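Novice: Structure in structure tokens, see below.
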Amino acid sequence: MMSTSFDKAVDSDSSALHWDIDSIVGQLRALRLATPGRRFGDRPAKLPSQKALAGILDGLTAALFPNRLGLPDLTNEGVDYFVGNTLDLTLRELLEQVRRELQFSAEFETDSATIRARAIAITREFAAKLPTVRQLLESDIRAAYQGDPAARSVDEVLVCYPGVTAITHHRLAHVLNGLGAPLLARMIAEVAHSDTGIDIHPGAQIGGSFFIDHGTGVVIGESAIIGQRVRLYQAVTLGAKRFPTDDNGELIKGNQRHPIVEDDVVIYAGATILGRITIGKGSVIGGNVWLTRSVPPGSNITQAKNRTEAFDDGGGI
């Protein structure tokens, strides 16, 4: 067969496209071997799978709300079977992801039997808390329905509202975080963050009947504590005011650096609340307020008042 000008062009192009792959692979290997904190020699433990986690979340939400998020043709007689079967399959997959996290985070090469036993215990405790999670989510969904005049039904709230998606993920993540699977919890939080634009750290403690309206840009930090019947609007930040370091200049982890928001507080769009301060029960924080001092119960803080008022504790806002 005669070669064409196209064939010659391809051959010429192929010879020019020499990527020096062997050299690049060698350099990447050297960097990988020199990575600080590297464990397990040449066979590092596998991280939990994001793809598997997405399936786990689908299974858990379907089991929590089978009539709305489960199979479309479920009958009353088949619901319990669907929930049981879905939970069994989902929890088995969750067990494997918990095992991966424990193996990865082990300081030493702990034997696999010990790690698996711990993973089973975490997964069993997580499963036992699912009814409590469902109760909390029912209160959140009801709060969203009652708090938004545009909501036509609780079903609409469940399937359409990003705030409900975010708090659903958070309540599941918070349980895992408390049981000793913080990496999985953070991965779940980041799934919600990507899907909704709402960033809730799994360590945050959030009471029932919680409602985030609209939601985009909301940030809730790790050590934040939020009471009952709290409502936030879009772009609210419950963040840290400063990041203290140790004698070596490293950030101090785990300190209580985020706000406490007491019961029945409403925080309007764009408000930024920073530091370990307390927003008293029943307070209303207006839009775009920047707040770094505690306020007493029943406060009504707007931008104008924020510039002029002082409170009994002697601190300005």
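The values are calculated or read from the model by the stated rules, or taken from the named source; none is laboratory data. Not measured: the values here are computed from a predicted model. Quick reminder, even Gly has a Cβ in these numbers, built from the backbone with ideal geometry, and neighbours come from all protein chains shown. Keep in mind that these areas ignore ligands, DNA and RNA; they rest on the heavy atoms of the full protein, side chains included. Shrake-Rupley method; radii C 1.70, N 1.55, O 1.52, S 1.80 Å.
Novice: Considering amide H positions built from the backbone, and no H for Pro or chain starts, which residues 5 or more places from Arg276, or on another chain, come under 5 Å of its amide H?
Specialist: Lys241
Novice: Measure out, as a whole number of angstrom, how far apart the alpha-carbon centroids of the range 124-183 and the range 261-290 sit.
Specialist: Using only Cα atoms to place each centre, the spacing works out to 22 Å.
Novice: Please find, in a Gaussian network model of the chain (springs between Cα atoms separated by less than 10 Å), the residue of Asp111, Asp155, Asp58 whose mean-square fluctuation is greatest.
Specialist: Fluctuation is largest for Asp111.
Novice: Next up: Relative to the longest principal axis of the chain, what angle (0 to 90°, nearest 10) does the C-alpha long axis of helix 162-179 take?
Specialist: 80 degrees
Novice: Further question on the same structure: Would you be so kind as to identify which of Ile115, Gly286, Ala144 lies farthest towards the positive end of the dipole of the chain, taking Lys and Arg as +1 and Asp and Glu as -1 on Cβ and the Cα centre as origin?
Specialist: Value computed over the given set: Gly286.
Novice: Another question about this same structure. Compute the signed sum of charges (Lys and Arg +1, Asp and Glu -1) over the other residues within less than 13 Å, Cβ to Cβ, of Pro48.
Specialist: Numbers: positive: Lys46, Lys51, Arg99, Arg100, Arg186; negative: Glu93, Glu96, Glu101, Glu190.
Summing Lys and Arg as +1 and Asp and Glu as -1 gives +1.
Novice: At 1.4 Å probe size, with no ligands or nucleic acids counted, give the accessible surface of Glu125 in Å², nearest ten.
Specialist: Accessible area, nearest 10 Å²: 80 Å².
Novice: Another question, if that's okay. For Leu232, Leu251, Leu102, what's the largest-to-smallest order of accessible area, 1.4 Å probe?
Specialist: Heavy-atom accessible area, descending, gives Leu251, Leu102, Leu232.
Novice: For Glu138 and Asn300 in the same chain, what is the full-extension length gain: residue separation times 0.36 nm, less their Cα-Cα distance, in nm?
Specialist: On the way: separation 162, 0.36 × 162 = 58.32 nm, distance 2.91 nm.
Gain in length upon complete extension: 55.4 nm.
Novice: Further question on the same structure: For helix 50-64, report the angle its Cα long axis makes with the longest principal axis of the Cα atoms of the chain; keep it between 0 and 90° and round to the nearest 10°.
Specialist: 40 degrees
Novice: Next up: In debye, nearest 20, what is the charge dipole magnitude of the range 200-274 about its Cα centre with +1 on Lys and Arg Cβ and -1 on Asp and Glu Cβ, if you could check?
Specialist: Values: 6 positive and 8 negative charges, 27 e Å.
That gives a dipole near 140 debye.
Novice: Tell me the carbon and sulfur percent of the accessible area for the range 107-207, rounded to whole percent, probe radius 1.4 Å. Walk me through the numbers on the way to the answer.
Specialist: Working: 2520 of 4820 Å².
Ligands and nucleic acids excluded, carbon and sulfur give 52 percent.
Novice: Now a separate question. Is the shape of the range 66-128 best called rounded, prolate or oblate, per the rule: a/c under 1.5 gives rounded, else a/b larger than b/c gives prolate, else oblate, with a ≥ b ≥ c the square roots of the Cα gyration tensor eigenvalues? Don't skip to the end; give the middle numbers.
Specialist: Working: a/c = 4.32, a/b = 3.38, b/c = 1.28.
Note, shape of the range 66-128 comes out prolate.
Novice: May I ask for the net charge around Gly70, where only other residues with Cβ less than 12 Å from the Cβ of Gly70 are counted and Lys, Arg are +1 while Asp, Glu are -1? Walk me through the numbers on the way to the answer.
Specialist: Values: positive: Arg68; negative: Asp58, Asp73, Asp80.
Residues close to Gly70 contribute a combined charge of -2.
Novice: In whole Å, what are the extents of the range 164-231 along the principal axes defined by its C-alpha atoms, from largest to smallest?
Specialist: Here the spans come out as 30, 25, 17 Å, largest first.
Novice: Taking springs between alpha-carbon atoms closer than 10 angstrom, which of Ser294, Ser153, Ser23 fluctuates most in the Gaussian network model of the chain?
Specialist: So, out of Ser294, Ser153, Ser23, the one fluctuating most is Ser23.
Novice: For the chain, with a Gaussian network of springs between Cα atoms less than 10 Å apart, report the residue from Ala240, Ala121, Ala304 with the top mean-square fluctuation.
Specialist: Of Ala240, Ala121, Ala304, the most mobile in the Gaussian network model is Ala304.
Novice: To continue, here is another question. Would the range 161-314 count as rounded, prolate or oblate if I go by the C-alpha gyration tensor, calling it rounded below 1.5 in a/c and otherwise prolate when a/b exceeds b/c, oblate otherwise?
Specialist: Numbers: a/c = 1.90, a/b = 1.27, b/c = 1.50.
It is oblate, given that a/c is not under 1.5 and a/b is not larger than b/c.
Novice: How large is log10 of I(q)/I(0) for the chain at q = 0.07, 0.10, 0.11, 0.13 Å⁻¹ when the intensity is taken from the Debye formula with one equal scatterer per alpha-carbon?
Specialist: For the requested q values the scattering log ratios are -0.40, -0.72, -0.82, -1.01.
Novice: Summing -39500 (n - 2.57) over the DSSP H runs of n ≥ 4 in the chain and dividing by its residue number, what mean residue ellipticity at 222 nm do you reach, to the nearest 500 deg cm²/dmol? Before the final figure, lay out each step's value.
Specialist: Details: 11 runs with 152 residues, N = 317.
That comes out to -15500 deg cm²/dmol.
Novice: Now for a different question. Could you work out the local net charge near Leu238, counting Lys and Arg as +1, Asp and Glu as -1, over the other residues with Cβ closer than 12 Å to its Cβ? Can you show the working numbers first?
Specialist: Working: positive: Lys241, Arg257, Arg276; negative: Asp199, Glu222.
Neighbour charge sum, excluding Leu238 itself: +1.
Novice: Here is a further query. Place a +1 charge on the Cβ of each Lys and Arg in the range 124-209 and a -1 charge on the Cβ of each Asp and Glu, then give the dipole magnitude about the Cα centre in debye, rounded to the nearest 20.
Specialist: Dipole magnitude for the range 124-209 comes out near 280 debye.
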